[in-house]
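K.L.:
Got a structure for you, questions after.
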Amino acid sequence: MRMMAMPATERQPAASDEVLASEARDGSLAAFTELLDRYDRRLLRFLMHRTRSISDAEDALQETCLKAWRNIHLYTPRWRFCTWLFTIAARVAIDMRRRNGTVRIQQLYDDQADPAAASAQAEAAPDNGLWTLARRLLPDEHYAALWLYYGEDMSVREISAVLGRSSAWVKVSLYRSRRALERAMSAEAEAGAAGPPPVGGGAAC
């Protein structure tokens, strides 16, 4: 008897964030866990630049996840799930900074001295030199807007919702940040083209 060839099984496409969020809203912890698996590293990266401390960022990440689960029934597909989640994260970071006052300098030193914290910070930080330059040049909120636009592919409207700023503010922030980076990169390129200063360049006696 000739065996009938079985058709190759097609891999099921992964459920969208919004589908999983709807399932989580109906009480599915598994769906919510899958969403967190997709976003935990990205949230940590975002929160690190909103709190300036790896330990604070990790605490804020846990608080964000708890608040998202407790309020998942309020989620509406009117917004992309990532926009809703990052909005919660941004508000958690603001609350944390208000509670802590200014950045705790000693905590920063402790984190840098802790190899595990340093490793986590390096893992979560963008590996592009341009982002390192942006982190050095830009105020926190402007860096966050730039990261959400290019790193998270959010629209101006979505960034406006996450940061609680107007769309006009986001557009101006993105423009000014790009200009600041262009000027800094041009200055670095000119400095590199000039070459290192001469060593022992005094006149011969």
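K.L.:
Sticking to Cα atoms, compute the Rg of the range 15-103 to one decimal and its Dmax as the biggest Cα-Cα distance, whole number, in Å.
P.N.:
In Å, with Rg to one decimal and Dmax whole: 13.1, 41.
K.L.:
Please give the FRET efficiency for Ser55 paired with Ser155, using the beta carbon to beta carbon distance and R0 = 30 Å, rounded to the nearest 0.05. Walk me through the numbers before you get to the answer.
P.N.:
Numbers: r = 32 Å, r/R0 = 1.07.
Given R0 = 30 Å and the Cβ-Cβ separation, E is 0.40.
K.L.:
Continuing with this model, one more query. Return an integer: the convex hull volume of the alpha-carbon atoms of the range 153-192, in Å³ per residue.
P.N.:
Working: hull volume 2.6 nm³, N = 40.
Per residue, the Cα convex hull of the range 153-192 comes to 65 Å³.
K.L.:
Over all alpha-carbon pairs in the range 125-178, figure out the percentage whose distance exceeds 13 Å. Could you put the intermediate results ahead of the total?
P.N.:
Values: 759 of 1431 pairs.
Within the range 125-178, distances greater than 13 Å cover 53 percent of Cα pairs.
Bear in mind these aren't lab numbers, they're just calculated from the coordinates by the rules spelled out. Please read all numbers here as calculations on a predicted model, not as lab measurements. Cβ: placed from backbone, ideal geometry, glycine included. Neighbour counts: every protein chain shown.
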